[in-house]
1. Can you give me the relative contact order of the stretch 6-180 as a percent, contacts being Cα pairs under 8 Å and 6 or more apart?
2. Taking 7 Å along the Cα-to-C-beta vector as the label spot, tell me the Gln45-Leu89 distance in nanometres, rounded to one decimal.
3. Once each part is reduced to its C-alpha centroid, what is the distance from the stretch 300-320 to the stretch 362-383 in angstrom?
4. Using the number of other C-beta atoms within 10 angstrom as an exposure proxy, rank Cys179, Cys280, Cys306, Cys166 with the fewest first.
5. Report the charge-dipole magnitude of the stretch 194-390 in Debye, nearest 20, computed about the Cα centre from +1 at each Lys and Arg Cβ and -1 at each Asp and Glu Cβ.
6. What is the mean projected area of the alpha carbon convex hull for the stretch 202-327, to one decimal in square nanometres?
7. Extension gain Ala246-Leu281, at 0.36 nm per residue separation less the Cα-Cα distance, in nm?
8. Would you mind calculating the relative contact order of the chain from Cα pairs under 8 angstrom and at least 6 residues apart, reporting the percent as a whole number?
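None of the figures in this text is laboratory data; all of them are computed from the coordinates on show. For clarity, every value in this text was computed on a predicted model and none was experimentally measured. Counting neighbours? That spans all protein chains shown, and the Cβs are built from the backbone with ideal geometry, glycine included.
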Amino acid sequence: MRAPPLWLLALTLAAFTVQTDDFVIIGVLPALASDTGVSETAAGQLVTVYSLVYALTAPLWALALARTPRRRALVSALVVFVLANLAVLAVEDHSTLMVLRVVAALAAAVVLPLALAVASTRAPEGERGRYLATVMIGLTGAVLSGVPAGTWIGAVAGWRATFVFCGLLGLIALVLILCALPGNDPVPEETGGRASGRPRLDPVVTGLLVVTVLVVAGNLGFQTYLAPFLAGLSEVEPRGLALLLAASGVGGVLGTRYSGRLMDRSGPRRALLLAGGGFCLTMVVFALLWPLAPVPVAVTGALLMCWSSAAWAMPPTLQALVLDRVAADAATRVLAVLSSAVYVGAALGGVVGGAAIAHGAGLVPAIAALVAGTGLALALPLLASVRNRSA
């Protein structure tokens with residue numbers, strides 16, 4: 001199999017960067033709160049605001065930039081992103097930092113949907129699944145290495161250095177895109193006609209967005225409360241938790257990568273059902289093991305790799321299924337809406353997981369399986385519609 005082109009690696013780095021920038025604050029939260037004179041709860045709102053701004057503005061940006069060449073929009077957004085992160089060096093108070101986080105989120109809401117859209121439309125025939133999965137590996141890699149690296153940099157050089165790290169990553173992605181991504185866009189300009197409105201009118205697309213919210217909510221409901229669950233299941237301490245998270249990150253990279261190959265070989269419908277079924281099965285096994293605690297850490301680690309592989313395999317399949325239903329000139333907009341659905345699902349997952357853990361950590365995987373399983377059940381008639389349409 002040939003190596004991916006440099007421009008695809010640049011898009012993957014851009015995805016890695018914006019995902020790291022979203023979550024890395026968690027690792028430097030105490031120092032950031034102390035230095036800016038606010039509580040850790042108030043400092044944590046930087047993450048909430050970033051996610052909320054992204055979710056609300058990604059579809060709006062896609063509409064506003066519909067007639068702007070994708071390369072130009074991507075470059076402009078990365079410039080703003082880099083400047084917003086480097087400007088943190090001059091920040092002395094929480095309010096100014098909040099403004100910069102809003103600006104960075106506004107830029108990220110342009111970058112990620114465009115990166116996915118460019119990867120989709122520039123992929124060779126029969127390789128779209130792999131190209132989408134490659135960009136998604138940037139998101140998985142951010143969890144595996146970007147956030148830990150940013151946290152370590154913050155511990156060594158101060159929390160501001162963490163944001164500089166993200167800014168420099170963005171600068172590298174920007175340079176690579178300028179050098180490697182062709183300026184000619186193979187996708188026709190938006191025409192404002194029927195194709196442009198299709199993502200809003202197609203009931204299958206709408207249904208797949210609902211499915212996305214539910215499967216992401218199931219996954220994040222489990223992931224958000226992973227630490228207390230593992231502490232109860234296998235008596236995992238913080239050092240052991242770091243190793244287990246690293247193992248799950250490796251599983252996520254493998255799952256994302258394999259999902260792309262499976263989509264290109266067998267289609268996104270089968271890939272989604274296999275990944276979703278694997279996720280729900282892993283959650284059920286976790287729930288059944290809870291009464292047997294303490295469970296050996298090796299068993300827990302193996303299950304975490306299965307969970308992460310299945311969880312990260314689902315987003316590329318949903319992206320491919322949605323893209324199959326829309327015109328090429330609407331790809332950026334529909335991927336922006338899909339990204340917003342992911343953030344809505346993440347917020348819902350936090351609420352669902354919190355409600356579960358209030359009644360005992362052992363309920364968390366069971367509720368996660370129920371929510372994600374509901375999404376998959378809703379997906380079945382939609383997938384039949386996709387099959388009938390393509391038959």
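1. Numbers: 236 pairs, mean separation 78.4, N = 175.
Once divided by the residue count of the stretch 6-180, the mean separation gives 45 percent.
2. 2.9 nm
3. Measuring centre to centre over Cα atoms gives 14 Å.
4. Exposure proxy ranking, most exposed first: Cys179, Cys306, Cys280, Cys166.
5. Result for the stretch 194-390 is approximately 740 debye, rounded to the nearest 20.
6. Numbers: hull surface 31.2 nm².
About 7.8 nm², averaged over all directions.
7. Length gained, Ala246 through Leu281: 10.5 nm.
8. 26 percent
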